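Taken together, the values in this text are just the output of simple stated rules run on the coordinates, not laboratory data. Because the structure is predicted, anything quoted here is derived from the model rather than measured. With ideal geometry, Cβ positions are generated from the backbone for all residues, glycine too; neighbour counts draw on all protein chains shown.
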Amino acid sequence: MGAHRRAVVAAVLLWLLAGPGAWAASPIAAAGVALAPPVEGGVIFGQARDILTESPVAGAFVHLEGGQGGAYTDAGGYYRLPTPPGEWTVAVRAPGYLDMSQTRVRALVGRSTRADFDMVVANPTPAQEEELFRRMVTPPEQAWSPDFDVAMASAPTSIRVLMPDGQVVEMDLEEYVKGVVPQELPPSAPMEALKAQAVAARSYAVTSWNHAAQGANVCTTTHCQVWKNVHFSRTDQAVEATRGVFATYRGSIIRAFYFGHCDGHTRNSEDVWVQALPYCRSVACECGYTWLWGHGVGMCQEGAIAMARRGATFDEILRHYYTGISLIGMQPTPTPEPTATPTPTPEPVVTFTWPLQTGWNLISIPVVVSDTTPGSLFSSIAGNYDMVMQYDAFAPYARWKVYQAGSASQTGGLDYLDLRYGIWLRATAPCTLTVSGLAITTPTEIPLINGLNLVAYPSLRARNVSDALASIAGKYVRVYAYRADRPDSPWVLYDFTVPPELNPLQQMTPGLGYWIEMVQPANWRVDP
Ligand SMILES: [Zn+2]
Ligand SMILES: [Zn+2]
């Protein structure tokens, strides 16, 4: 090991051993300062607020998807992004909040465009959940309209939407559904409930022809179902997971009515409207309310959440509220391939095991887990670890988040883990971590800052370092792994200035976490 490399490794060790707080004076730009140079174009600005308290969210990182750099919100929650002209997706992330974005934000030369963000806490308390539902969910009126029969075989992949300004925009059906789901369920709701909502909103939309006079299928208000250009990662994930899946009855896509909550049972369609729909029968519901909110026909949204909480899957939820339906997933049909027989591939459950050494382990969890609270994630090693840490490079201060097992005072801020990022776990005895979850089936995007980032490797396939990091080639300089099973020299380095074959770190391995040192911010795309 050369003197230079020894010095670098020693520095990383020092940072590590110095523990929480030592990173406070990191060289990252101060709050409110843009990391990108000004460009010829416009400015996108706005405020990030907590949707419940309406107070500003400081230190949130705002960036353009597909653009360079970004900016942190200041103490008043404001950010300012000089932006090339065009239509942008503006994304924001902040510790303790769900990642979110706005699509279709237009930047004009010499003009300022405002894009505000109402941010949702990542792990709301039951009381906050209730308040989020009250504030965010706008049950559609879904006024009765004649059946618009859509055979499954002709399910469209785009939809015509009547915008508030009177324009009709034809958009991709999945993009449309992504803009509906967070308006119809809190994005912090259980994933299976969000997936059920996505299928219901998708099925409802394509069977709607409520605005035929204007040449549109749906409008963006409660008249049909609310749509906004606001996205959350979690709700996007629910839509992607059910992409092209519709609820059908005898081969036709159903009018998937839904509403806020019932009073213990849903209604027959003919008791509310005129027509008896065979799949809209009155069923018992466990939502726990004693009064009705909404029309009462079809899926009870609070009931869907209650079912998901006790472990029901999205198809079980849909089959409960829509009597006698089938769920059919189909590929888009513009290019029919005679050989292709599109069938939805069920998401396989994977059990991941990883040996832990006594002391610190730098790990990652390469499966999709819905409950990422430390107590749940590490339940298989309960009693054999005492501390978990994650490093949030995007936080302007207090970047280390800590969870102390068994400690009543949860002051360390690590209430849930972000599995895109690396995890330091201190074991008190050798043990084997076991985590079951869904296989990762789509690439993971990991935002990285200029400087050091503690990342996971969300893949079950080992790859050579340069292959694994191909999407950020030229933007990183060093990668460090920490091999707890080699206590004499645990740090293993990959330095891009050294020929790959001479680097001690050859591969990125599922289960290990890594420090990546970047020379510019970028999104790392990790293939499954
Ligand atoms: Zn409408
Ligand atoms: Zn109900």
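A compact table of results
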quantity: Straight-distance crosslink candidates among lysines, where the alpha carbon sits under 30 Å from Lys475 and sequence neighbours closer than 8 are dropped; calculated: Lys401
quantity: Added length on full extension, which subtracts the Cα-Cα distance from 0.36 nm per residue, Glu316 to Asp116; calculated: 68.3 nm
quantity: Added length on full extension, which subtracts the Cα-Cα distance from 0.36 nm per residue, Leu460 to Glu54; calculated: 142.1 nm
quantity: Where N is the number of residues in region 97-200, Cα Rg divided by 2.2 N^0.38 Å; calculated: 1.30
quantity: Simple spin-label estimate for Ala213 and Ser379 in nanometres, 7 Å along Cα-Cβ; calculated: 5.5
quantity: Full-stretch length increase - Thr434, Thr353 - with 0.36 nm per residue and alpha-carbon distance subtracted; calculated: 28.7 nm
quantity: Lysines with Cα under 28 Å of Lys228, excluding same-chain neighbours fewer than 8 positions away; calculated: Lys178, Lys195
quantity: Protection proxy ranking, peptides 258-270, 162-174, 279-291, average beta carbon neighbours within 10 Å, highest first; calculated: 258-270, 279-291, 162-174
quantity: Simple spin-label estimate for Val272 and Arg309 in nanometres, 7 Å along Cα-Cβ; calculated: 2.2
quantity: Label zone at Thr442 (point 7 Å along Cα-to-Cβ), backbone N below 20 Å, region 217-254; calculated: 227-247
quantity: Cα centre as origin, Lys/Arg/Asp/Glu Cβ charges: the chain dipole, Debye; calculated: 840
quantity: Reciprocal of mean inverse Cα separation for the chain (Kirkwood radius, Å); calculated: 24.9
quantity: Proximal charge balance of Thr358 [Cβ under 13 Å; K/R count +1, D/E count -1]; calculated: -1
quantity: Positive dipole terminus of the chain, leading residue within Trp291, Leu502, Gln102 (C-beta point charges); calculated: Leu502
quantity: Region 349-526 - charge dipole about Cα centre, Lys and Arg +1 at Cβ, Asp and Glu -1, debye rounded to 20; calculated: 120
quantity: Residue among Val121, Tyr176, Thr353 farthest towards the positive dipole end of the chain, charges placed on Cβ; calculated: Thr353
quantity: Neighbour-limited loop hits for trypsin sites (Lys or Arg not before Pro), region 94-137 (at most 13 other Cβ within 10 Å; DSSP other than H, G, I, E, B); calculated: Arg111
quantity: Cβ-placed point charges (K, R +1; D, E -1), dipole of region 126-329 about Cα centre in debye, nearest 20; calculated: 180
quantity: Helix-only [θ]222 nm of the chain, DSSP H runs n ≥ 4, -39500 (n - 2.57) each, per residue, nearest 500; calculated: -5000 deg cm²/dmol
quantity: Simple label model, 7 Å out from Cα along Cβ direction - Asp165 to Ala398, nm; calculated: 4.1
quantity: Cα-based helix-to-principal-axis angle, 191-206 vs the chain, degrees rounded to 10; calculated: 40
